[in-house]
Amino acid sequence: MLPSVFRHGAFTTLWLGRILTNIATLIQSVAIGWLVYTLARQTHNEQYSMFLVGMVGLAQFAPMFLLALLAGETADRYDKRVILLCCGLLQSACAAGFSFLAMQPAVSLGLLFVVAGFFGVARAFGSPALFSVLPALVPRDELPRAIAFNTLSVQVGMIAGPWAGGILCALSPVLATATSCLIYLMAALAWGVLLRLPVKARSAPSAGMSRLTMIREGLRHLWGSKVVLGAISLDLFAVLLGGVTALLPAYAKDVLHIGPEGFGNLRSAFAVGAGATTLALALRPLNRNAGRWMLGSVALYGIATLLFALSRQTGWSMLALAVAGCADSVSVFMRQNLVQLLTPDAMRGRVASVSGLFVSASNELGEFESGVAARLLGVIGAAVFGGLGSVMVTALWAKIFPALRTTDRLTPAARE
């Protein structure tokens, strides 16, 4: 029997669309990361090549940073489903652009960064719309389970995407990016179907309120909610320092010597751990000791990153990444529940945009940080630095945000 959340056609459509989007994004990420690294290694050393891989992350993050507040206000003002459709089409166009560039005899890294920037625009507007539309698709008492299954859709993409990306990239980066383009088009079709399905009425912004006033209102609410602010900023700094995604091409090629397919397997190992944990949370959500679970999971994430950094065996490396994925899954589940349950309906888009900006900073900007750290400390030194940084940030945040540490129940009535 299907879980109750899948009895709602709009949620099921959203879930399928998000799986497709994440598969396409991870295939594309593997292809572009491998393409940039292998091209750079023809003329540059390992450290500088990793720096260029990190620049891809920065090119995607810059528009997300600049447009985050506007994107959140847009999600609160307009139909989120229309925003999703437009962003899906833009992502398809960017994937087609990557394919065209990969086909050229001499790939222009400058143009590749430009396309990555437009892809960042699509993610900037799509992220708050995707996050804030969820409560309109299911009854409120089913929201924690819907959040868990929504997170599971991300993990399914993270398992299938890197695995497929590694295989396709080994055949041809052009084939990998073209495949991601086709999958993005399928996701856009799902957003089109979602547009035709009935959803709960959304809370409209205050009549006559300007864009700037709405943005200020959202920021004021976020600053006043120390639990939400602590949760999303903890995720930002822990993953910003501890993320090793940008280092995986170098680990696969120069440390573990396992090639592009092994690179895809490393990317998938993290998602396997995260996916298994997310499925467990979807079937049996955690409802008590939310703050302690979140802080403990982030500390475990840092420890697992340290173990990965020091491993020289592929099996141990994949196990460490899987444990990191388990820990990250618990952290994401807690953060998303706290943000959804402590945010009024009328400003979900604005709060989600800041939360999404923090998450994106921890991912895309984290790739840039990893690239810079690898250039200064070497690949292994950068991974060790990241793991230690995540553990230290957890201890610091437990002291700075006592309201987060003492948060107990995941219920709509939760208070700081």
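The values are calculated or read from the model by the stated rules, or taken from the named source; none is laboratory data. Note that the coordinates shown come from a computational prediction; the quantities given were computed from them, not determined experimentally. So basically every Cβ, Gly included, is an ideal-geometry build from the backbone, and we count neighbours across all protein chains shown.
Inside region 310-329, residues that are crowded, with 24+ Cβ neighbours inside 10 Å and touching a residue at least 24 places away in the same chain (Cβ under 8 Å) make up a count of 7.
Cβ contacts < 6 Å: first residue free of Cβ contacts under 8 Å to residues at least 40 places away in the same chain, restricted to region 74-101; second residue among the charged types (D, E, K, R) and crowded, with 24+ Cβ neighbours inside 10 Å, any location; separation 6+ or different chain. Result? Nothing qualifies.
Among residues that are farther than 30 Å from Ala382 by Cβ, at pLDDT 85 or above and crowded, with 24+ Cβ neighbours inside 10 Å, Gly17 is included.
I'd like to know if region 121-128 contains one or more residues that are outside any helix (DSSP H, G or I), of a type in the set (A, V, I, L, M, F, W, C) and over 25 Å from Ala276 (Cβ atoms). Outline the logic, then answer.
Here is the first cut: in region 121-128, the residues outside any helix (DSSP H, G or I) are none.
For region 121-128, residues outside any helix (DSSP H, G or I), of a type in the set (A, V, I, L, M, F, W, C) and over 25 Å from Ala276 (Cβ atoms): absent.
Quick grid of which residues meet (1) under 22 Å from the mean Cα position of the chain (by Cα); (2) β-branched (Val, Ile, Thr); (3) part of a helix (DSSP H, G or I):
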{"residue": "Thr74", "(1), (2), (3)": "yes, yes, yes"}
{"residue": "Leu85", "(1), (2), (3)": "yes, no, yes"}
{"residue": "Ser92", "(1), (2), (3)": "yes, no, yes"}
{"residue": "Phe118", "(1), (2), (3)": "yes, no, yes"}
{"residue": "Phe131", "(1), (2), (3)": "yes, no, yes"}
{"residue": "Asp141", "(1), (2), (3)": "no, no, yes"}
